[in-house]
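Working notes, structure below.
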Amino acid sequence: MTTRKHNIQPSSRRDFIKLIGGLTLGFCLPGSRDATAAGATIADANAGVSAAFEPNAFVRIGADSKVTVIAKHLEMGQGVYTGLATLVAEELDADWDQVSVEGAPADAKHYNNLLWGPFQGTGGSTAIANSFDQLRNAGAIARAMLVSAAAGQWGVPAKDVSVSRGRLIHAATKRNASFGEFVVHAAELPIPTDISLKQAKDFIYIGKHVPRKDGKAKATGKAIFTQDIRLPGMLTGVVAHPPRFGSTVKGFDADAALQIPGVVDVVSIGNAVAVLGNDFWSAKKGRDALIIKWNDSNAFKLDSSEIMAQYNILARGPGAIARAEGDADTALRSAKKVIQAAFEFPYLAHAAMEPMNCVVRLGKGECEVWNGEQFQSGDQMALGQVLGISPEKIKLNMLFAGGSFGRRANPASDYILECARIAKAINGRAPVKLVWTREDDMRAGYYRPMFYHTIKAGLDAKGNLIAWKHRLVGQSIGTGTAMEAMMVKDGIDHTSVEGASNLPYQISNLTVDLHSPVIGVPVQWWRSVGSTHTAFSTETFIDELAVAAGKDAVAFRLALLTKHPRHVEVLKLAAAKAGWGKRLAPGAKGEKRGRGIAVHESFNSFVAQVVEVTVKADKSYKVDRVVCAVDCGIAVNPDIVRAQMEGGIGFAMSAAKYGAITLNDGVVDQSNFHDYRIVNISEMPKVEVHIVPSAKAPTGVGEPGVPPFAPALANAIAAATGKRLRKLPLVLV
Amino acid sequence: MVQISVNGKMIALDVAPDTPLLWCLRDHVGLTGSKYGCGIGLCGACSVLMDGVSVRSCSIPVSAVGRAKITTVEGLDDKVAKSLQAAWQKLDVSQCGYCQSGQLVSATALLRKKRNPSDADIDAALSGNLCRCATYVRIRAAVKEAAKALL
Ligand code: FES
Ligand code: FES
């Protein structure tokens with residue numbers, strides 16, 4: 001998601017204090033903020049603590065000195081609970097071990113994503129970027145108040161009280177106390193408006209290694225996900241979805257389903273039939289026993305190959321202009337060498353390890369939801385409409401998500417509404433847990449859109465790149481959603497062209513245009529969104545041009561990146577660390593080896609990767625090594641940055657090698673991990689991550705590790721075999 | 001009624017005999033550490049030890065468990081498992097964490113048999129445990145780290 005353009009981040013620290021100054025001040029009584037199951041496992045809340053100091057919406061300090069950081073962003077693996085806690089602990093000078101994290105409630109007044117205006121949610125690799133000042137300020141305010149309280153009690157000047165690893169210290173009088181001893185007094189003080197933040201040189205946690213806050217719970221099976229919620233009297237719902245997008249229920253026979261022990265009820269919710277059971281297995285058997293007649297009159301019935309053929313035809317004519325500089329057509333006519341290529345990208349499923357699920361308890365005029373909650377404001381609004389409840393009466397418990405990759409921030413709140421509709425269909429008489437099977441999850445749509453690209457470029461007699469015409473065809477993610485006004489401008493959905501319309505290479509004559517066909521297959525952002533396809537077409541084509549110009553792939557790029565120093569730096573770093581230009585060790589007999597590079601900016605972070613590949617005699621290939629350089633500004637947690645690069649590379653590799661959702665007469669062909677494969681441990685290459693030291697404000701790392709991988713791999717395969725693969729997934733024939 | 005041994009305790013369950021062990025554990029025993037990922041033996045998120053062997057609990061009907069001793073992630077408490085869990089934390093292996101119970105169960109079975117596993121041993125023992133977050137680099141390193149700590 002790239003709504004980052006709508007930046008209401010305060011421009012100065014003074015504005016910022018104004019913003020945070022409006023936040024709640026109050027005592028937090030034990031249990032007053034419900035420690036949800038997920039929060040509880042890693043937060044153990046403040047049970048039994050008699051008083052707590054809560055200087056703002058992000059920090060609570062108990063009389064037992066436990067510091068609880070309230071995380072406004074979903075922890076879905078990207079390490080954000082740890083990152084947010086790092087920011088608070090840094091300015092609070094807390095001891096890392098005294099800090100725990102709990103998920104924030106839905107409350108956009110306090111917990112909005114500062115890069116998304118008044119909207120609460122997680123995505124677009126914005127979590128640390130939008131929280132960097134906010135949470136450091138939250139920690140600094142808490143620290144200042146504790147210092148004042150201690151100074152007051154000790155009768156010493158506040159400036160002489162220091163804080164170190166969770167201890168308040170007055171050196172001259174050898175006084176030394178815990179936070180807990182002053183929480184009562186601190187809570188009575190006014191919130192300071194004049195605080196200062198640390199200089200980077202004084203950081204004790206930022207940029208250093210701290211262990212993840214969720215590491216223990218996740219290594220012991222104790223972390224609680226939506227899948228693990230069990231409420232008293234709860235029923236499990238398993239649904240029958242229509243075989244095609246757009247079908248509705250014409251009628252159904254539930255007799256056989258109701259015969260199954262453990263099945264309690266069967267309800268139609270319009271576009272699905274739900275079987276409710278006392279446990280998952282009964283409900284699933286009931287679902288499988290349903291006989292349903294579907295109304296297919298509005299169903300989507302094309303094959304994916306037919307969709308691609310239509311895109312191909314569309315690409316022959318000009319689209320809406322996303323960027324135009326100079327005169328590409330004239331320049332192409334004068335070019336010495338013209339090269340063109342077409343690229344095909346399939347639909348992709350997110351396939352998070354935890355299939356989509358949700359728990360809804362529907363009360364009178366209120367409702368409570370347990371979910372890997374990624375899109376609080378949108379989900380509250382959608383639920384409010386469907387249930388006839390005002391949005392603020394809908395309590396959202398944000399649990400850990402077993403991956404998301406964008407899926408849980410669904411612009412239509414699809415699976416959440418499905419669960420709510422089931423709860424409504426039984427008049428809220430029991431809490432409902434909706435559990436999708438893997439097959440349901442794979443076939444429910446909201447895919448990374450299919451795309452077709454063409455690029456035509458011209459080189460002059462000296463091999464200089466003088467013209468570039470890039471055309472993209474693919475569904476808009478934003479159109480038809482509540483985000484349309486924000487995402488789609490002048491017929492251009494920014495998420496369709498990001499990475500292409502901001503091509504960093506200096507080319508005097510350049511056009512990027514876009515067709516956004518309307519197709520009845522639901523689409524959605526998928527880890528790194530537009531850059532999942534734009535990085536591939538641009539970075540493989542630039543490579544092809546380098547070869548055509550008879551130049552080295554790195555040197556060719558560097559010459560065109562004169563205005564983009566951050567691209568240059570990661571490109572050079574990755575190339576140097578990978579030994580670019582040195583001969584690769586040869587493979588075994590019959591094997592060919594190659595090295596490829598790609599650089600791409602996404603979500604304001606810059607990543608370059610060098611991939612080494614071995615192509616075997618049977619045309620299969622193995623990625624041996626990936627060298628990755630990343631510039632994400634200040635790396636708040638360098639180890640998590642590395643982890644996100646490693647994971648992003650593995651995630652990208654699944655898509656590059658295997659990923660494709662295809663349709664046959666509108667029916668999704670794939671169902672589970674045998675026909676929608678993801679890489680396993682034996683396929684994972686060596687990964688080396690190098691972080692560019694930086695004093696710039698931090699930017700995201702959840703997504704930017706993904707885009708450069710596939711083009712670097714395709715370039716490596718081309719280097720090894722001379723074959724240019726332009727259709728994803730990458731298969732040598 | 002069917003009786004099974006889970007984490008050293010005999011448990012009586014009133015479920016249909018075809019109910020997969022996974023759903024018995026999750027919905028009836030209340031042990032939710034073993035996860036549902038695919039339901040057909042492809043992902044390993046549901047891995048448990050059955051007499052010490054890592055198996056896919058989603059694909060074993062409870063009626064087929066018999067007298068086998070089942071150990072879930074919650075019941076991993078020997079030296080091998082503890083050193084793996086320590087290595088997992090030391091190297092911050094987990095991302096979303098959803099697959100990690102299964103990874104640890106399979107890694108425990110491996111390390112109990114092979115105290116000094118090679119890369120090929122790790123591949124063979126863990127390639128049935130998928131991780132969508134692709135934490136594989138660290139899983140491999142953590143298995144080796146734990147092996148080293150056990151020497
Ligand atoms: S859930 Fe059992 S192998 Fe995937
Ligand atoms: S840590 Fe997320 S699936 Fe493995």
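One table, with the values for the structure above:
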| item | result |
| --- | --- |
| Of the criteria (1) open to solvent by 20 Å² or more (accessible area, probe 1.4 Å); (2) among the small types (Gly, Ala, Ser); (3) in contact (Cβ under 8 Å) with a residue 24 or more places away in the chain, which one A:Ala283 fails | (1) |
| Output for region A:210-242, where each listed residue is part of a loop (DSSP other than H, G, I, E, B), closer than 16 Å to A:Ala423 by Cα and not aliphatic (A, V, I, L, M) | A:Arg230, A:Pro232, A:Gly233 |
| Verdict on A:Arg421 being more than 16 Å from ligand 2 (Cβ to nearest atom), open to solvent by 10 Å² or more (accessible area, probe 1.4 Å), outside any helix (DSSP H, G or I) and outside the structural domain of A:Asn112 (by TED's automatic domain parsing) | no |
| Residue in region A:618-637 that is surrounded by the fewest Cβ atoms within 10 Å (Cβ to Cβ), counting only those that are closer than 20 Å to A:Lys572 by Cα and either touching a Leu at 6+ places or on another chain (Cβ under 6 Å) or within 12 Å of another protein chain (Cβ to nearest Cβ) (or both) | A:Arg625 |
| Candidate set from region A:243-255 (those that are small (Gly, Ala, Ser) and part of a loop (DSSP other than H, G, I, E, B)); member that is most open to solvent (accessible area, probe 1.4 Å) | A:Gly246 |
| Residue within region A:190-201 that is outside any strand (DSSP E or B) and in contact with a strand residue (DSSP E or B) (Cβ under 7 Å, 6 or more places away or on another chain) present | yes |
| Helices (runs of 4 or more DSSP H) (entirely within region A:279-378) containing at least 2 residues that are at pLDDT 95 or above and closer than 22 Å to A:His494 by Cα | A:304-314 |
| Selection from region B:1-32 of residues that are farther than 23 Å from B:Val105 by Cα, away from ligand 1 (no atom under 16 Å from the Cβ) and modelled with pLDDT of 95 or more | B:Val2, B:Ala12, B:Leu13, B:Asp14, B:Val15, B:Ala16, B:Pro17 |
| Residue, nearest to B:Arg132 (Cα to Cα), within region A:659-696, restricted to residues that are within 12 Å of another protein chain (Cβ to nearest Cβ) and open to solvent by 40 Å² or more (accessible area, probe 1.4 Å) | A:Arg677 |
| Helices (runs of 4 or more DSSP H) contained entirely in region A:509-624, each with at least 3 residues that are in contact with a Gly (Cβ under 7 Å, 6 or more places away or on another chain) | A:531-548 |
| Counted residues, region A:347-376 - those being away from ligand 1 (no atom under 16 Å from the Cβ), open to solvent by less than 20 Å² (accessible area, probe 1.4 Å) and more than 17 Å from the chain's Cα centre (by Cα) | 6 |
| Matching residues in region B:123-142 - criterion: being touching a Leu at 6+ places or on another chain (Cβ under 7 Å) and away from ligand 1 (no atom under 16 Å from the Cβ) | B:Arg138, B:Ile139, B:Ala141, B:Ala142 |
| Residues (over 16 Å from the mean Cα position of the chain (by Cα) and among the hydrophobic types (A, V, I, L, M, F, W, C)) located in region B:100-145 | B:Ala120, B:Cys133, B:Ala134, B:Val137, B:Ala141 |
| Verdict on A:Thr68 being among the hydroxyl-bearing types (Ser, Thr, Tyr) and within 14 Å of chain B (Cβ to nearest Cβ) | no |
| Meets criteria (in contact with a strand residue (DSSP E or B) (Cβ under 9 Å, 6 or more places away or on another chain) and surrounded by fewer than 22 Cβ atoms within 10 Å (Cβ to Cβ)) for A:Ala138 | no |
| Meets criteria (open to solvent by less than 40 Å² (accessible area, probe 1.4 Å), within 18 Å of A:Thr68 (Cα to Cα) and not basic (Lys, Arg)) for A:Gly117 | no |
| Within region A:430-503, strands (runs of 3 or more DSSP E) holding 1 or more residues that are not assigned by TED's automatic domain parsing to the domain that holds A:Ala656 | A:432-435 |
| Subset of region A:206-233 (residues that are surrounded by fewer than 23 Cβ atoms within 10 Å (Cβ to Cβ) and either among the basic types (Lys, Arg) or more than 10 Å from every other protein chain (Cβ to nearest Cβ) (or both)) | A:Gly207, A:Lys208, A:Lys216, A:Lys222, A:Arg230, A:Leu231, A:Pro232, A:Gly233 |
| Hits in region B:59-87 (condition: within 16 Å of ligand 1 (Cβ to nearest atom) and open to solvent by less than 10 Å² (accessible area, probe 1.4 Å)) | B:Val62, B:Val65, B:Ile70, B:Thr72, B:Val73 |
| Among residues of region A:464-488, those that are small (Gly, Ala, Ser) and open to solvent by less than 10 Å² (accessible area, probe 1.4 Å), counted | 3 |
| Scope region B:105-151; condition within 7 Å of chain A (Cβ to nearest Cβ), polar (S, T, N, Q) and in contact (Cβ under 8 Å) with a residue 24 or more places away in the chain; matching residues | B:Thr135 |
| Check on A:Pro517, surrounded by fewer than 22 Cβ atoms within 10 Å (Cβ to Cβ) and within 17 Å of A:Glu601 (Cα to Cα) | no |
| Options B:Thr19, B:Thr32, B:Thr72; residue that is in contact (Cβ under 8 Å) with a residue 40 or more places away in the chain, closer than 13 Å to A:Gly221 by Cβ and either within 13 Å of chain A (Cβ to nearest Cβ) or of a type in the set (D, E, K, R) (or both) | B:Thr72 |
| Residue list for region A:638-658, restricted to those being surrounded by fewer than 21 Cβ atoms within 10 Å (Cβ to Cβ) and within 16 Å of ligand 2 (Cβ to nearest atom) | A:Asp639 |
| One residue from A:Gly180, A:Gly215 being closer than 26 Å to A:Gln78 by Cα and either of a type in the set (A, V, I, L, M) or in the same structural domain as A:Asp64 (by TED's automatic domain parsing) (or both) | A:Gly215 |
| Of the criteria (1) over 19 Å from A:Ala341 (Cβ atoms); (2) at pLDDT 95 or above; (3) charged (D, E, K, R), which one A:Arg471 fails | (1) |
| Residue match in region B:83-96 (condition: closer than 23 Å to A:Val435 by Cα, within 7 Å of chain A (Cβ to nearest Cβ), more than 15 Å from the chain's Cα centre (by Cα) and within 15 Å of ligand 2 (Cβ to nearest atom)) | yes |
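The values are calculated or read from the model by the stated rules, or taken from the named source; none is laboratory data. It should be emphasised that the depicted structure is a prediction, and the values quoted were computed from it without experimental measurement. FYI the Cβ positions are ideal-geometry reconstructions off the backbone, even for glycines, and counts take in every protein chain you see. Side chains included, ligands, DNA and RNA excluded: accessible areas come from the protein's heavy atoms. Shrake-Rupley method; radii C 1.70, N 1.55, O 1.52, S 1.80 Å.
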